[in-house]
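Peer 1: Mind looking over this structure? Questions follow.
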Amino acid sequence: KNHCGSSKGSNSMNDLGFYDLLTRCRDGTVVVTAFKESGEKEFFRSTDPDELRAAVEQLSQESIAVYIDRNLRRLDLPPGVRGTDDNVVIINAITVDCDLLGPAHKETNLPETIEDAKKPLGRFPEPTILADSGYGLYAEWYFEEPIKLTGADIREKVEGIFRGFGHAAISAYVEYGYKLDNVFTISH
């Protein structure tokens, strides 16, 4: 049974709209990773947008950073793990994660401002979401329909698209003299 919806009409979005977009397909679960000051990680998973919003609000108060995976993991993922590429079952989006120059990053060839970080994105279609993470910029392109990774052939094609997009994004940032981490895998 297909439990997936489309992303049409998501141009104007509040927090709940974002969580609705992530959970439009209930055939996988969203994984939230909270990074604690102790260095430990705490994981939360859900298919419910209201639960996700509440958990992220709480974890944000208790943690130094919170990361929400855009692509969904299998529902039977064991407790205490984020999951690797092999555990991804639903592709919602492809993301550029651009770090900013500052105390959170050791690299020196990074954009200084969000506006600087946006400039290399000009060669791509407008992202569905641009989000300031506090230490960088997320540019996210959501697919109109989530992609179900139902077989090795589909997984291989999607992984190839991510690698190709990653190469193009890294090249765009290099042209501006910036470093962009190569995190263009389906689990990031």
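The values are calculated or read from the model by the stated rules, or taken from the named source; none is laboratory data. Because the structure is a prediction, the values reported are computed rather than measured. Ideal geometry is used to build each Cβ from the backbone, glycine not excepted, and the neighbour counts take in all protein chains shown. For accessibility, only protein heavy atoms count, side chains too; no ligands or nucleic acids. Shrake-Rupley method; radii C 1.70, N 1.55, O 1.52, S 1.80 Å.
Let's see how each residue does on (1) aromatic (Phe, Trp, Tyr); (2) at pLDDT 95 or above; (3) touching a Gly at 6+ places or on another chain (Cβ under 6 Å):
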{"site": "Gly102", "(1), (2), (3)": "no, no, no"}
{"site": "Lys118", "(1), (2), (3)": "no, yes, no"}
{"site": "Phe124", "(1), (2), (3)": "yes, yes, no"}
{"site": "Gly134", "(1), (2), (3)": "no, no, no"}
{"site": "Arg163", "(1), (2), (3)": "no, yes, no"}
{"site": "His167", "(1), (2), (3)": "no, yes, no"}
{"site": "Val174", "(1), (2), (3)": "no, yes, no"}
{"site": "Thr185", "(1), (2), (3)": "no, no, no"}
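Peer 1: Looking at segment 138-171, which of its residues are closer than 20 Å to Asp69 by Cβ and part of a loop (DSSP other than H, G, I, E, B)?
Peer 2: Leu149, Thr150, listed by residue number.
Peer 1: Can I ask one more? May I ask you to list pairs of residues, at least six apart or on different chains, whose Cβ atoms are under 7 Å apart, with the first in segment 13-31 being touching a residue at least 40 places away in the same chain (Cβ under 8 Å) and the second being of a type in the set (Val, Ile, Thr) and buried (at least 20 other Cβ atoms within 10 Å of the Cβ)?
Peer 2: Note: pairs meeting the criteria are Leu22/Val30; Cys25/Ile90; Asp27/Val89; Asp27/Ile90; Gly28/Val89; Gly28/Ile90; Val30/Thr23.
Peer 1: State yes or no: is Val174 among the hydrophobic types (A, V, I, L, M, F, W, C) and either over 17 Å from the mean Cα position of the chain (by Cα) or not in a helix (DSSP H, G or I) (or both)? Show your work before the answer.
Peer 2: Numbers: among the hydrophobic types (A, V, I, L, M, F, W, C): yes; either over 17 Å from the mean Cα position of the chain (by Cα) or not in a helix (DSSP H, G or I) (or both): yes.
For Val174, the condition - among the hydrophobic types (A, V, I, L, M, F, W, C) and either over 17 Å from the mean Cα position of the chain (by Cα) or not in a helix (DSSP H, G or I) (or both) - is met.
Peer 1: Could you please tell me which pairs satisfy a Cβ distance under 6 Å, a separation of 6+ or placement on different chains, a first residue in segment 103-120 that is of a type in the set (D, E, K, R), and a second residue that is assigned to a loop (DSSP other than H, G, I, E, B) and open to solvent by less than 100 Å² (accessible area, probe 1.4 Å)?
Peer 2: Glu107/Lys179; Glu112/Leu101
Results for (1) of a type in the set (A, V, I, L, M); (2) open to solvent by 70 Å² or more (accessible area, probe 1.4 Å); (3) farther than 20 Å from Val30 by Cβ; (4) in contact with a Phe, Trp or Tyr (Cβ under 6 Å, 6 or more places away or on another chain), shown as yes or no for each residue.
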residue	(1), (2), (3), (4)
Leu75	yes, yes, no, no
Thr113	no, no, yes, no
Pro125	no, yes, yes, no
Tyr135	no, yes, yes, no
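Peer 1: Which one is nearest to Tyr135 (Cα to Cα), of the residues in segment 150-162 that are out of contact with any strand residue (DSSP E or B) (no Cβ under 8 Å at 6 or more places or on another chain) and surrounded by 14 or more Cβ atoms within 10 Å (Cβ to Cβ)? I'd like the intermediate steps shown before the answer.
Peer 2: From segment 150-162, those out of contact with any strand residue (DSSP E or B) (no Cβ under 8 Å at 6 or more places or on another chain) are 150-153, 155-157, 159-160; that's our starting set.
Among the residues that remain, those that are also surrounded by 14 or more Cβ atoms within 10 Å (Cβ to Cβ) are: 155, 159.
Details: Arg155: 31, Glu159: 27 Å.
Result: Glu159.
Peer 1: Out of Ala117, Ala65, I need the residue that is open to solvent by less than 50 Å² (accessible area, probe 1.4 Å), among the small types (Gly, Ala, Ser), out of contact with any Ser or Thr (no Cβ under 7 Å at 6 or more places or on another chain) and under 23 Å from His167 (Cα atoms). Which one? So that I can check it myself, show each step before the final result.
Peer 2: Numbers: Ala65 fails: under 23 Å from His167 (Cα atoms).
Answer to the selection: Ala117.
Peer 1: Among the residues that make up segment 128-142, is at least one of them of a type in the set (A, V, I, L, M), within 14 Å of His188 (Cβ to Cβ) and touching a Cys at 6+ places or on another chain (Cβ under 8 Å)?
Peer 2: Of segment 128-142, the ones of a type in the set (A, V, I, L, M) are 129-131, 137, 139.
Add one more test, that the residue is within 14 Å of His188 (Cβ to Cβ), and what stays is 139.
Remaining after also requiring touching a Cys at 6+ places or on another chain (Cβ under 8 Å): 139.
Yes, some residue in segment 128-142 is of a type in the set (A, V, I, L, M), within 14 Å of His188 (Cβ to Cβ) and touching a Cys at 6+ places or on another chain (Cβ under 8 Å).
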